[in-house]
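Below: the structure, in structure tokens.
The values are calculated or read from the model by the stated rules, or taken from the named source; none is laboratory data. What you see is a predicted model, and the numbers here were worked out from it, not measured in a lab. Neighbour counts run over all protein chains shown; Cβ positions are idealised from the backbone, glycine included. For accessibility, only protein heavy atoms count, side chains too; no ligands or nucleic acids. Shrake-Rupley method; radii C 1.70, N 1.55, O 1.52, S 1.80 Å.
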Amino acid sequence: MAKRILGSMLILLLGMVSFSFLSGLKVEAADRVHTVSSQETVESIAAIYDISTEQLMNMNGLPDGKLYIGQKLTIQTAYTPSNYQWSERGKQIGNYAKSFTGFKKTAGEETPIKGFDSSGLIHWVLSRQKVPIDRLSVEGYYKQGMDTNAPKAGDIIFFLEKGSSKAVTAGIFLGGNQFVNSGYGAETVQVRSTTEKYFAQYQVEYKTYTPKGEHVVQNNETLKSISDNYGVSVDTIKKRNALPTDSLMQGQYLQIYSSPLYPFYANQEASYDKAYDVIKYAYTLRGFTYVFGEYDPMIGMDCSGFIYWAMKEQGISLKRGSAADYYSLLPKLREPKAGDLVFFRDTDLSREITHVGIYLGEGRFIHTTRNTGVHISDLTTSYFTQKFESFGQVQVNMD
């Protein structure tokens, strides 16, 4: 009897020790950080921890298999993939930003090799996460970002001088009080806190480049599968994105919910009946690549090809022409409406009209460029202010 009791106690004790030990291992695994060394690859690191390369990339928001010496990767062996929704996308952005902790701060730079300043870090992380944006200053990102009262991981946190709207620095928000920042009190990229004495002296505001309800079409997805995933009807998704057919292209951005994806056009007077549909559909093409002389998103589009495709898909008859051709066709005006075109001169070292975009409202326009593809820009940035020529009034009967 005594032996049985002693044996039971030993088994219980072993069980308690094992439970504590295994629990400790589980926590340690969830919090493990791997620092990339020379010659390591996504495949070799995934093999070390017995996880898939896809899991490793998703955990850290890696846009591709490119790694950098010193990059810090989070390892969570219990990782479970989830649907590609706006919140998950924001987390990937935040995780990717954190992976550059310890990389050097370098004024005016924007790459892991040369270093980052605060705006350079924002540009690198967002653009590598397929958020199509221009390379701007901190002030530029503040002007271009969309206001949000409910910041999420992956949004941008700005520090403004109190009593003014001058942005001093910015970082990538992680949630709570934390954000990733390059500069101000550190010589490297660091995870910082809004409670630190330096940052506490400023007014904090948040902007988003990954709005709620945005879904990026993945390979083999259909309108039906996306509809089932979100519980929103196929017809509603088509209407909110002005999709001309049920066909989708991988990489298209779809607005799922009812709030306008980019609200600044919603209160603008439309230039013509189908202007809002052209804008909604143009939004779905953000991030598609630039190819000179082309107009098909699956191949690539130049600036005038993008205009031609967006209007053609909405049933607007428009000859395929250059930016200069469209400029010559349209009456010029000072006060544009949503859907009008905006023209620029001397963007390729010539003195001609060389670039065109679709005006959205509040100084924004959507267009495509070599480095970024289809994206939204702000007319008030110094580059576009210098190159701006005029607005052109769009007419439906162009032929």
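Counting DSSP beta bridges with both partners in the chain, what percentage is antiparallel, nearest 5?
That works out to approximately 95 percent antiparallel.
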Solvent-accessible area per residue for segment 92-157 (1.4 angstrom probe, square angstrom): 36
Once the whole set of protein chains is in place, how much accessible area is left on residue 387, using a 1.4 Å probe, in Å² to the nearest 10? 40
The rounded separation in angstrom of the Cα centers of segment 86-119 and segment 236-269 is 30
Using a 1.4 Å probe on the protein chains only, how many percent of the accessible area of segment 93-148 belongs to carbon and sulfur? 50
Cα extents of segment 228-299 along the three principal axes, largest first (Å): 35, 34, 18
What are the lysines whose alpha-carbon lies under 30 Å from the alpha-carbon of residue 274, with same-chain residues fewer than 8 places away excluded? 130, 143, 207, 212, 224, 238, 239, 312, 319, 332, 337, 387
Could you provide, to the nearest whole Å², the per residue accessible area of segment 220-316 with probe 1.4 Å? 44
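Once you list every other residue whose beta carbon is under 14 Å from the beta carbon of residue 252, what net charge do they have if Lys and Arg are +1 and Asp and Glu are -1?
0
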When the helix-only estimate is applied to the chain (DSSP H runs of n ≥ 4, each -39,500 (n - 2.57), divided by the residue count), what is the mean residue ellipticity at 222 nm, nearest 500 deg cm²/dmol? -9500 deg cm²/dmol
Please state the shape class of segment 316-388: rounded when a/c is under 1.5, otherwise prolate if a/b exceeds b/c and oblate if not, all from the C-alpha gyration tensor. rounded
Please work out which option in (i) 119; (ii) 191; (iii) 229 gives volume of the Cα convex hull per residue in Å³ calculated from these coordinates, and answer with its label. (ii)
